[in-house]
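Every number in this text was worked out from the coordinates using simple rules, so none of it is lab data. Just so it is clear, the model here is predicted, and its values are computed rather than measured. A quick note on method: Cβ atoms are made from the backbone with ideal geometry, for glycine too, and the neighbour counts reach across all protein chains shown.
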Amino acid sequence: MSNNPDVSELANLSALDFAAVVPSILPSIDWRHQNAHWSIQGEVRELLVSRLGTAPPSLEDPLVSAIHSSLADTTPDAAQLKFPLVSQIIGDLPRECIEPYRDPLALLVTDPPEGDSGTIRTISEASADILEFLDASEAWVPRHKCDDLAIRSLDLLVHTAEEMRPHVPGLLGWLQDPNWPPFPECLRQLERFPEIVIDPIREILRSGYDGVWEFPLLQFLQEVPPDLMEMAREEVERIVQRPTQSEIDSEVDVIAIECLQAMDNWAERRKR
């Protein structure tokens with residue numbers, strides 16, 4: 001199997017044949033692999049996640065067994081296969097489909113394999129995160145820039161505004177830089193219950209010290225129902241009338257004017 005496998009051919013393989021080629025295609029989804037094509041990486045990864053997510057969560061299934069064997073393999077070269085599995089595949093599976101890999105994942109935490117220190121650390125930490133997600137009864141906010149399982153925990157375990165409330169400050173914290181990987185998913189979580197986000201946003205806007213952070217917060221206000229946006233009128237008016245240098249540099253004063261105009265238009269319509 002080449003570094004850039006034919007995805008259409010892979011998709012048509014039987015479960016047994018697909019399981020047989022798993023060790024040879026895993027390098028093609030490793031983002032560290034210089035010869036792998038980015039689009040093919042994504043397609044192969046999605047195919048693996050899809051097939052594992054629909055396979056019976058039992059070691060009797062050939063594909064599940066092949067993945068389990070790759071995780072449990074203690075030979076020196078096996079770490080190169082474990083890396084894409086724990087960092088890009090297993091964490092995206094439904095919890096019931098992760099369960100068959102519990103034992104080898106636990107061993108990767110307590111007795112990590114030998115190899116490149118950075119690779120082994122990533123494998124061990126990612127395995128620990130997966131096990132935490134597998135057993136989680138409470139959600140958590142991303143603790144690092146690649147903590148995708150935190151977002152999954154919020155989707156899985158948070159169903160009401162009150163359940164989301166304690167996570168709002170942490171989610172807002174990830175909006176301080178739009179280049180941070182968790183930014184879009186943290187924003188999506190906040191959009192689920194905007195009514196509990198307004199007051200924390202107002203508190204941030206009062207300081208005026210971080211225009212880069214305030215910009216997406218004002219964009220958030222522009223997307224909420226007008227009665228919720230109106231709650232932040234005092235803070236928005238302050239930015240329009242007395243913007244700090246940070247707010248001017250980040251053009252927060254410009255978007256604040258747009259917000260204030262939207263508030264005024266809504267207030268005017270209510271009078272009619």
Seminar exercise, completed: Karplus-derived 3J(HN,Hα) from phi for region 101-110 (6.51 cos²θ - 1.76 cosθ + 1.60, θ = phi - 60°), whole Hz, x at Gly and Pro, runs 9, 4, 5, x, 5, 4, 5, 5, 7, 7
For this session: Kindly rank 153-164, 211-222, 79-90, 181-192 from highest to lowest mean number of other beta carbons found within 10 Å of each residue.
Result: 79-90, 211-222, 181-192, 153-164
Exercise. Across region 82-88, in residue order, what do the Karplus-derived ³J(HN,Hα) couplings come to in whole Hz, using 6.51 cos²θ - 1.76 cosθ + 1.60 with θ = phi - 60° and x for Gly and Pro?
Worked result: 5, 4, x, 5, 7, 8, 9
Problem set entry | Using distinct alpha-carbon pairs, which all enter the 1/r mean, Kirkwood radius of the chain in Å | 21.3 Å
Exercise. Is the shape of region 1-135 best called rounded, prolate or oblate, per the rule: a/c under 1.5 gives rounded, else a/b larger than b/c gives prolate, else oblate, with a ≥ b ≥ c the square roots of the Cα gyration tensor eigenvalues?
Worked result: oblate
Exercise. Residue by residue through region 249-262, which ³J(HN,Hα) values in whole Hz follow from phi under the Karplus form 6.51 cos²θ - 1.76 cosθ + 1.60 (θ = phi - 60°), with glycine and proline marked x?
Worked result: 4, 9, 6, 5, 5, 5, 5, 5, 4, 4, 5, 5, 4, 5
